[in-house]
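Report on one structure; see the data block that follows.
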Amino acid sequence: MKIFIDTANLDMIREIDSWGILDGVTTNPSLIAKEGTDTRTRVNEIAKIVDVPISAEAMSSASEDMIKEGRELSSIHPNVNVKLPMGVESLKATKVLSGEGIDINMTLIFSAQQALLAAKAGARYVSPFVGRLDDIGMYGSDVMRQITDIFCNYGYDTEVIAASIRGPMHVLEAASAGCDIATVPYSVLQQMVSHPKTDEGIRNFIRDYEKSKK
Ligand code: E4P
């Protein structure tokens, strides 16, 4: 499974890239605003640091405007894919942009039916929001599994990005469901590294090593 980082923070991207595990970056307007910058500037900066797919979100509402904005965003760098929020206007824009070879990440997916439509329209990626589904008392992992089953049944090559990841269990569920990618916040990547038994084991080995030196 590929691991993307869900952030617009340059230091976090550099750090996770240095771990040797980074396959991509997803941004969204909230993450960009948190950094006090704008999408074009930040995506350009990210593209200079890492050579991986980078999602940049279009903010237009009408399909004609999304198409223009999508072309502009994709012109920032060949690694940029365009995030469009699920909806009729986005499906129309996906048909046109994907026909031009621009990769679309259909975002804000909350059902397998939405994912099916996005795949049919030509999206390169669909992003089911697992954490936000859990927030409203639904099982995000069920939706991920339904999507991967449908794509497998019909041979869609659209990749499933498990998004809105809130903890290591969501990553495990995404991997078990056969998602192609999980886009994971920095804090969750750090949590994934740690295990109390690993820490205990290291402490004990150091203690015994120190003893054996005497
Ligand atoms: C996905 O690409 C989104 O940026 C992200 O995963 C949203 O997650 P949130 O629900 O934590 O805002």
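The values are calculated or read from the model by the stated rules, or taken from the named source; none is laboratory data. Remember, predicted model here, so these are calculated numbers, not experimental data. Reconstructed Cβ throughout: ideal geometry from the backbone, glycine too, with neighbour counts over all protein chains shown.
A few points about this structure:
- Only one of ASP157, ASP208, ASP199 that is loosely packed, with under 13 Cβ neighbours inside 10 Å, more than 16 Å from the ligand (Cβ to nearest atom) and not in a helix (DSSP H, G or I): ASP157
- Residue check for ALA119: within 29 Å of LYS92 (Cβ to Cβ) and hydrophobic (A, V, I, L, M, F, W, C): yes
- Flag if SER127 is in contact (Cβ under 8 Å) with a residue 40 or more places away in the chain and surrounded by 18 or more Cβ atoms within 10 Å (Cβ to Cβ): yes
- Output for region 35-59, where each listed residue is free of Cβ contacts under 8 Å to residues at least 12 places away in the same chain and over 23 Å from GLY20 (Cβ atoms): GLY36, ASP38, THR41
- For LEU108: the one exception among (1) surrounded by fewer than 21 Cβ atoms within 10 Å (Cβ to Cβ); (2) of a type in the set (A, V, I, L, M, F, W, C); (3) farther than 24 Å from HIS77 by Cα: (3)
- Some residue of region 20-38 being modelled with pLDDT of 95 or more, more than 17 Å from the chain's Cα centre (by Cα), acidic (Asp, Glu) and within 24 Å of GLY101 (Cβ to Cβ): no
- Number of the condition not met by ARG166 [criteria: (1) in a helix (DSSP H, G or I); (2) within 16 Å of the ligand (Cβ to nearest atom)]: (1)
- Residue check: ILE102 meets all listed conditions (1) outside any loop (DSSP other than H, G, I, E, B); (2) touching a residue at least 12 places away in the same chain (Cβ under 8 Å); (3) among the β-branched types (Val, Ile, Thr) but one, namely (1).
- Looking only at residues of region 182-196 that are surrounded by fewer than 22 Cβ atoms within 10 Å (Cβ to Cβ) and not in a loop (DSSP other than H, G, I, E, B), we find that the one that is farthest from the ligand (Cβ to nearest atom) is PRO196.
- When ALA175 is tested against (1) within 11 Å of the ligand (Cβ to nearest atom); (2) not in a strand (DSSP E or B), only condition (1) is not met.
- Residue selected from region 112-132 under the condition outside any helix (DSSP H, G or I) and either of a type in the set (D, E, K, R) or within 16 Å of the ligand (Cβ to nearest atom) (or both), by the criterion farthest from the chain's Cα centre (by Cα): ALA123
Here is a yes/no grid of residues against (1) within 16 Å of the ligand (Cβ to nearest atom); (2) under 19 Å from SER187 (Cβ atoms); (3) in contact with a His (Cβ under 8 Å, 6 or more places away or on another chain):
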site: ILE13; (1), (2), (3): yes, yes, no
site: VAL52; (1), (2), (3): yes, no, no
site: SER63; (1), (2), (3): no, no, no
site: ILE76; (1), (2), (3): no, no, no
site: SER90; (1), (2), (3): yes, no, no
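- If the condition is being touching a Gly at 6+ places or on another chain (Cβ under 7 Å) and more than 15 Å from the ligand (Cβ to nearest atom), then region 133-151 contributes only THR148.
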